[in-house]
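The structure appears right after this line, and notes come after that.
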Amino acid sequence: MELELEFDHIGLKTDEKKEDENWVESTRVWVTDPKTHPFHIEWLRYEPDSPVKGDLREKPHIAYRVKDLQQASKGLEALLEPFEVGGFVRAGFYKTKDGAVVELMQYLKGENMWFDKKH
């Protein structure tokens, strides 16, 4: 069975506050909406007490939309087990055999949704 991947965004770490950041409590990180960036870049600004460590925090990641997160992640090393974000997507972070960091995203609702701006 061939894996179906559709590019979603690339995630890059920053120490600078960006416009329209959104707060993710579970990982204690501020993120921007890559759908509003012309090159689909998601900026990530970690709080000092973020539980995210190692490659996941230090390396850039590339994110793909998948139809079945469990199937798509088979054989990959989990860096952050799948979790739900904002009620619209289930995402997990993985390390490939050659060391790249990938985010696999299974949309639960429309793929054009993003964060609720409550924080």
Q. Under the condition of being of a type outside the set (A, V, I, L, M) and more than 18 Å from P82 (Cβ to Cβ), which residue from the stretch 1-18 is surrounded by the fewest Cβ atoms within 10 Å (Cβ to Cβ)?
A. E2
Q: Tell me which residues, restricted to the stretch 19-32, are surrounded by 15 or more Cβ atoms within 10 Å (Cβ to Cβ), part of a loop (DSSP other than H, G, I, E, B) and not β-branched (V, I, T).
A: E21
Q | Scan of the stretch 42-54 for residues that are surrounded by fewer than 16 Cβ atoms within 10 Å (Cβ to Cβ) and not small (G, A, S), ordered by number | A | E47, P48, D49, P51, K53
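Readers should treat all values here as calculations from the given coordinates under stated rules, not as data from a laboratory. What you see is a predicted model; the values in this text were computed from it and never measured. No Cβ is skipped: glycine too gets one built from the backbone with ideal geometry, and neighbour counts run over all protein chains shown.
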